[in-house]
Amino acid sequence: VGLIGVIVVLRPGATQFELGHLAALTAAICSAVAAVIMRKIGRDERSAVLLLYPMMANFVVMGCAMPFVYEPVSGLHLGGFATIAVLGFMGALFHIAAYRTAPAVVVAPMQYSQILWAVAYGAFFFGETPARNTAIGAGIIIASGLYVVFREGGSTASRTTPVLRTQTRYLLGTVPRIGALRRIWRRNRAAAAKAPTT
């Protein structure tokens, strides 16, 4: 249903497919993968680790592109960048906390509220008003997200514990997990105990 809303917003055929559309699709795919990874390892990894690596990757990619599009930045704009950085950092922390405490299928649809914020910011800062198709498509997307939230909220949680939640985690982020090695060692030890002695 959410995909139908996206199609209504994009209106395939009304505009020519450009790099911006491909960038938006790639961003959506990467965001979905990041959400799954965050849900999978969020309970075992520190927040600093979950924040540091994406920030480093973003820094490298944007740094490589900067020489081609660099423009001098005024002090006022630097202050705006600092504000965005602080708000983005806080948002990332809340994002991680949400995926740690709730299923991804419940948290992900809540991001559809970004549509409402985008419309509000566009109207307030730029005097923009959403087109009819955009409003209808956004309504469909938000309704599908709310349906998932209410449906999953009334279901019972799974009793299956993820494997990562049972593995040992050391204080240092560079120390590898030893759960798999420990299982192999126990299996070999049990096999050796059962082997006949001569």
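Quick notes on this one:
- Count of region 97-155 residues which are charged (D, E, K, R) and surrounded by 14 or more Cβ atoms within 10 Å (Cβ to Cβ): 2
- Considering (1) assigned to a helix (DSSP H, G or I); (2) touching a Lys or Arg at 6+ places or on another chain (Cβ under 6 Å), the lone condition that Asp44 does not fulfil carries the number (1).
- For region 1-45, the candidate set comprises residues that are under 22 Å from Ile140 (Cβ atoms) and of a type in the set (S, T, N, Q); within that set, the residue that is modelled with the lowest pLDDT is Thr15.
- Which numbered condition Met62 misses (of (1) surrounded by fewer than 12 Cβ atoms within 10 Å (Cβ to Cβ); (2) touching a Gly at 6+ places or on another chain (Cβ under 8 Å)): (2)
- Subset of region 84-119 [β-branched (Val, Ile, Thr), without any contact (Cβ under 8 Å) to a residue 12 or more places away in the chain and closer than 16 Å to Met55 by Cα]: Ile84, Val86
- Only one of the listed residues (Leu87, Leu93) is among the aliphatic types (A, V, I, L, M), under 15 Å from the mean Cα position of the chain (by Cα) and in a helix (DSSP H, G or I). That residue is Leu93.
- Some residue of region 147-156 being modelled with pLDDT under 70, in contact with an Asp or Glu (Cβ under 6 Å, 6 or more places away or on another chain) and not aromatic (Phe, Trp, Tyr): no
The values are calculated or read from the model by the stated rules, or taken from the named source; none is laboratory data. What you see is a predicted model; the values in this text were computed from it and never measured. All Cβ positions, even for glycine, are placed from backbone atoms using ideal geometry, and neighbour counts span all protein chains on display.
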